[in-house]
Amino acid sequence: MHPPLPAPPPVPGAHPLPPAGAAPVPSQRRLVAELAIVLLLSLGASALWSVLQFVDLNTRAAPIGEQQVALNPARSDRAWLDLLYQLTGIFLDLVPVALVCWLLWRSRRPHLGALGIDAARPVRDVLSGVALVAVIGIPGIALYFVGRQLGLTVDVVPSPLDAHWFTVPVLLLSALRAGLTEEVIVIGYVFERLKRLGWGMWPIILAAALLRGVYHLYQGVPALFGNVAMGVLFGWLYARTGRLVPLVVAHTLIDVAVFVGYPWAYATFPQLFG
């Protein structure tokens with residue numbers, strides 16, 4: 001039997017082959033272009049619109065603290081059409097998430113390991129996410145009220161929970177949509193691509209946190225700083241653990257409290273909201 005032939009020498013300037021089962025590694029130029037396209041199809045576009053809305057609110061005669069932003073507003077006065085509008089919006093917002101999963105899919109399990117998603121410890125991931133809610137949610141609510149008292153945060157007007165029979169289920173789906181979109185793209189995808197581009201851990205954490213803050217700027221400056229702080233914490237946890245599911249769970253539950261709990265509190269304790 002002949003001995004195996006030696007591997008050919010590497011070609012100068014060529015990229016090394018990825019390990020078996022891993023997604024192919026594109027060039028740095030393609031990575032930058034891909035990152036820009038994905039963000040401009042999703043939360044990068046939201047950041048641009050948020051900056052424009054912030055400028056709009058701050059150049060009006062009324063102070064920003066006297067202006068309002070509606071949460072999950074109705075899209076039509078006809079119930080069946082409003083439902084279709086809401087479901088279509090949720091579906092289209094999840095398309096960039098599907099694109100990211102496609103780009104980082106591995107042929108071997110865990111298929112979404114590059115995003116920090118697997119089924120190795122689902123119960124522990126869910127419980128970790130629930131614990132994060134108290135760490136993020138309570139300070140976030142306090143920051144909102146402080147911003148309202150200082151006149152630096154817009155009045156966030158919730159949708160009534162009894163508008164239609166489908167209102168609460170749609171709000172729950174909207175919360176899940178937000179958790180998936182923000183954490184899969186801003187944490188999982190952005191972290192993976194910026195690491196491939198040679199960025200260090202803290203520059204990645206700060207860049208992702210700043211993006212998170214900017215697309216919440218339309219609510220006011222306190223929302224910017226609050227979401228940057230949330231982004232730093234989430235980014236640090238992801239860098240340490242490599243687990244994305246707890247962040248998705250925490251974000252979804254926080255938005256459930258905002259989309260469903262906030263309207264209930266708004267209607268039950270109107271004196272707290274002026």
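The values are calculated or read from the model by the stated rules, or taken from the named source; none is laboratory data. The structure displayed is predicted, hence computed values, not measured ones. Note: ideal-geometry Cβ built from the backbone for every residue, glycine included; neighbour counts use all protein chains shown.
Does E182 meet the test of being of a type outside the set (S, T, N, Q), touching a residue at least 40 places away in the same chain (Cβ under 8 Å) and closer than 29 Å to I64 by Cβ?
So E182 passes the test.
Quick one: count up the residues across region 145-165 that are modelled with pLDDT of 85 or more and not aliphatic (A, V, I, L, M).
Qualifying residue count, region 145-165: 9.
Would you mind finding the one in V11, V25, V69, V38 that is modelled with pLDDT of 95 or more and either out of contact with any Cys (no Cβ under 9 Å at 6 or more places or on another chain) or surrounded by 14 or more Cβ atoms within 10 Å (Cβ to Cβ) (or both)?
Just one listed residue meets the conditions, V38.
Residue-by-condition table, conditions (1) in contact (Cβ under 8 Å) with a residue 12 or more places away in the chain; (2) in a loop (DSSP other than H, G, I, E, B); (3) crowded, with 22+ Cβ neighbours inside 10 Å:
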residue	(1), (2), (3)
P222	yes, no, no
G226	yes, no, yes
V232	yes, no, no
W236	yes, no, no
V256	yes, no, no
G261	no, no, no
W264	yes, no, no
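Need the failing condition index for V126 against (1) part of a helix (DSSP H, G or I); (2) in contact with a Pro (Cβ under 9 Å, 6 or more places away or on another chain); (3) modelled with pLDDT under 95, just the number.
Single failed check for V126: (3).
Applying the selection to region 120-137, what residues are in contact with a Lys or Arg (Cβ under 9 Å, 6 or more places away or on another chain) and within 16 Å of L180 (Cβ to Cβ)?
Within region 120-137, D125 is the sole residue that qualifies.
Quick one: is V168 of a type outside the set (D, E), surrounded by 15 or more Cβ atoms within 10 Å (Cβ to Cβ), assigned to a helix (DSSP H, G or I) and more than 18 Å from the chain's Cα centre (by Cα)?
Here the answer is yes, as V168 does meet what is asked.
In region 106-120, is there at least one residue being among the polar types (S, T, N, Q) and under 26 Å from Y218 (Cα atoms)?
Looking through region 106-120, none of the residues is among the polar types (S, T, N, Q) and under 26 Å from Y218 (Cα atoms).
How many of the residues in region 94-139 are of a type outside the set (V, I, T), over 19 Å from V258 (Cα atoms) and out of contact with any Asp or Glu (no Cβ under 8 Å at 6 or more places or on another chain)?
Summing the residues that are of a type outside the set (V, I, T), over 19 Å from V258 (Cα atoms) and out of contact with any Asp or Glu (no Cβ under 8 Å at 6 or more places or on another chain) in region 94-139 gives 22.
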